[in-house]
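Visitor: Dropping a structure here in structure tokens format, bear with me for questions.
Readers should treat all values here as calculations from the given coordinates under stated rules, not as data from a laboratory. Model, not experiment: these values are computed from the prediction. Here the Cβ positions follow ideal geometry from the backbone for every residue, glycine too, while neighbour counts run over all protein chains shown.
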Amino acid sequence: MVAAHDLGSLEDLATINSAACGAERRMSTELAINNSNSTSRTTVRFTAPENMLRTVAAWAEQHGYRPQQQGDGRHVFQKGTGFLVAPMMVELVTDGDQVTLTAWVRINLFTRIMSFFLLPAEMPVQSGGFRAVIPRNMARKAVNALLTDLAQPLIP
């Protein structure tokens, strides 16, 4: 039960909270983690800077990412073949001036069997947890280099 003298502080807290939520909505960059069934990917949304595709192409060449699919505003890059190194994936989808960058590490079937299926088929690149730490760190470092080139906040 809330006392009458606490109502003023609750109203102040609600006002501060709604102002903070509004500020979050106005940010041009958004970091989200999408979970759907067994897949988990790191997603960053932002407004496209000038010459973005040229910057992305230079980044991909510099970091060893190879184009896998391109077309209709969708660009998918992969580093690693999956035999010795878990494939690190980056997808850029453009919709007008908005860009959705999605990054994840694919875990091959052999590795999943050897881990007794403790590893899911896909892992996000943000930090946290102990599963697939090395490929996730490698992928996050490369994606953060791209985000730096595009003047966007880094993935933690």
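Visitor: Given R₀ = 22 Å, what would the calculated FRET efficiency be for Val133 paired with Gln68, taking r from the Cβ atoms and rounding to 0.05? All intermediate terms of the calculation are to be shown ahead of the outcome.
Guide: Numbers: r = 24 Å, r/R0 = 1.11.
About 0.35, to the nearest 0.05.
Visitor: Something else now. Is the stretch 28-149 best put as rounded, prolate or oblate by its Cα gyration tensor, with a ≥ b ≥ c the root eigenvalues, rounded for a/c under 1.5, and otherwise prolate when a/b is larger than b/c, oblate when not?
Guide: Working: a/c = 1.99, a/b = 1.63, b/c = 1.22.
Because a/c hits 1.5 or more and a/b exceeds b/c, the stretch 28-149 counts as prolate.
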